[in-house]
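Participant: The structure's right below; bear with me while I get my questions together.
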Amino acid sequence: MAATPDLKAVILLATLKHKRSGQEFSHTETLCEVVIECLRENGVRSDMVRLVDRNIPPGTKSNMGSGDDWPGILDKILAAEIIIFATPIWWGIQSSLMQRVIERLDELHNELLETGKSRLNNKVGGIIITGEEDGEQHITGNISNFLLNMGLTLPPHCAVSYQDQYTRATKKSLGRKFREDKKTAQAAEKMARNLAFFARLLRDSEIPQ
C-alpha cells in the first residue's frame, strides 16, 4: 500500500520526441513512469514536465519575456522537495533540452554567488538516463556537478539508467520490461526510497545557509 503523499517531485523530462500521433514513444519517459510509481509507494506525488512540448527560449535569465514557459516550470521546481533531471543520451551527452534547463537556471546560480544563499538548498536531486550508446557516467557526472553547485543534496543511489539497443516494442511492453528487469527495477526502487528519505530529513532539519 502506497504511503500518503507528503512530498512533491518534479521530473524535467528532456526527451526530444513530441507527443504527436504516430511518433515513437520515449524510452526516457517510460523509465520516468516506473520511477514515478516507486516514488508514489514512498509518499511522493510527481509532476513530469515534458520540456519538448513547452516554449523555452535560449538564454540565462529566469524570464525571457512574452511566451516564455520557463517561469511556470521554475515555480514547479521551487515548490518541489525533489528535482529529477531525465535525459536520453545523444552523441555521448545529455539532450539539448537538458542543457537548456541548466542554462536557464544560471540566474539562480548567479544569485547564489552574490548572496551565498540558494533557493534550491534543502532540496534533493535525482537523475534518469536512457540510451543506446555509452555516455551514462559522463552525463551523470555533468548533471551531478551542476546540481551540487546549485545547492541540492544528492543521496546515495540517486540515479537510474537503462542502456540497450532500442527495439520496436510498444510502450506497454517496454514498461513491463523495465519492471521485470531486476537490475533496473531495484535501482528505481532504491532511488525513490533514498530521495524520499533525504527529502524528509532535510524538510525536518534544514541545512543552514
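The values are calculated or read from the model by the stated rules, or taken from the named source; none is laboratory data. In this text the structure is predicted, and so the values were computed from the model without any measurement. Note: ideal-geometry Cβ built from the backbone for every residue, glycine included; neighbour counts use all protein chains shown. When the accessible area is computed, the model is the full protein with side chains, heavy atoms only, and any ligands, DNA or RNA have been set aside. Shrake-Rupley method; radii C 1.70, N 1.55, O 1.52, S 1.80 Å.
Participant: Would you mind getting the accessible area per residue of region 64-209, heavy atoms of the protein chains only, 1.4 Å probe, in Å²?
Facilitator: Spelled out: the 1.4 Å probe surface of region 64-209, per residue, equals 51 Å².
Participant: A follow-up question, please. Taking N as the number of residues in region 1-159, what is its alpha-carbon radius of gyration divided by 2.2 N^0.38 Å? Kindly include the intermediate steps, with their values, before the conclusion.
Facilitator: Values: Rg = 15.3 Å, N = 159, 2.2 N^0.38 = 15.1 Å.
It is 1.01.
Participant: Related question: Can you give me the convex hull volume of the Cα atoms of region 47-129, divided per residue and expressed in Å³?
Facilitator: 105
Participant: Place +1 on the Cβ of every Lys and Arg and -1 on the Cβ of every Asp and Glu in the chain, take the dipole about the Cα centre, and give the residue among Leu105, His27, Ile82 whose Cα lies farthest towards its positive end.
Facilitator: Farthest along the dipole direction, towards plus: His27.
Participant: Using the Cα gyration tensor of region 1-83, with a ≥ b ≥ c the square roots of its eigenvalues, what is the shape: rounded (a/c below 1.5), prolate (a/b larger than b/c) or oblate (neither)?
Facilitator: Values: a/c = 3.13, a/b = 1.29, b/c = 2.42.
It comes out oblate by the Cα gyration axes.
Participant: Please give the length that would be gained between Glu111 and Asn145 if that part of the chain were fully extended, namely 0.36 nm times their separation in residues minus their C-alpha to C-alpha distance (nm, one decimal).
Facilitator: 10.5 nm
Participant: Could you please state how large a percent of the accessible area of the chain is carbon and sulfur, counting protein chains only and using a 1.4 Å probe?
Facilitator: Ligands and nucleic acids excluded, carbon and sulfur give 50 percent.
Participant: Taking the Cα atoms of region 50-98, report the difference between the largest and smallest coordinate on each principal axis, in whole Å and largest first.
Facilitator: On the principal axes, region 50-98 reaches 33, 26, 19 Å in Cα extent.
Participant: At 7 Å along the Cα-to-beta-carbon direction for both Lys183 and Ala3, put a label point, then send me their distance in nm to one decimal.
Facilitator: Taking the simple label geometry, Lys183 and Ala3 are separated by 2.8 nm.
Participant: While we're on this one: Can you give me the long-range amide H partners of Gly43? Hydrogens built in the peptide plane at 1.01 Å from N, cutoff under 5 Å, separation of 5 or more residues or another chain.
Facilitator: Those lying under 5 Å, H to H, from Gly43 are Ala3.
Participant: Going by average Cβ density within 10 Å per residue, which order do the peptides 176-184, 28-36 take, highest to lowest?
Facilitator: Highest-to-lowest ranking by the protection proxy: 28-36, 176-184.
Participant: Now, a different point. Using packing as a proxy for protection, rank 137-143, 63-69 so that the peptide with the highest average count of other Cβ atoms within 10 Å comes first. Numbers along the way, then the final one.
Facilitator: Values: 137-143: 16.7, 63-69: 11.9.
Peptide ranking by packing, descending: 137-143, 63-69.
Participant: Let me ask another. Could you put Thr153, Thr60 in order of accessible surface area, largest first, with the 1.4 Å probe and the full protein assembly present?
Facilitator: Largest accessible area first, the list is Thr60, Thr153.
Participant: Between rounded, prolate and oblate, where does region 81-209 land on the alpha carbon gyration tensor, with a ≥ b ≥ c its root eigenvalues, rounded for a/c under 1.5, else prolate if a/b exceeds b/c?
Facilitator: Judged from the Cα gyration tensor, region 81-209 comes out oblate (a/c at least 1.5, b/c at or above a/b).
Participant: Under a Cβ-only charge scheme (Lys and Arg +1, Asp and Glu -1), can you give me the dipole magnitude of the chain about the Cα centre, in debye to the nearest 20?
Facilitator: Charge dipole, the chain, about its Cα centre: 560 debye, nearest 20.
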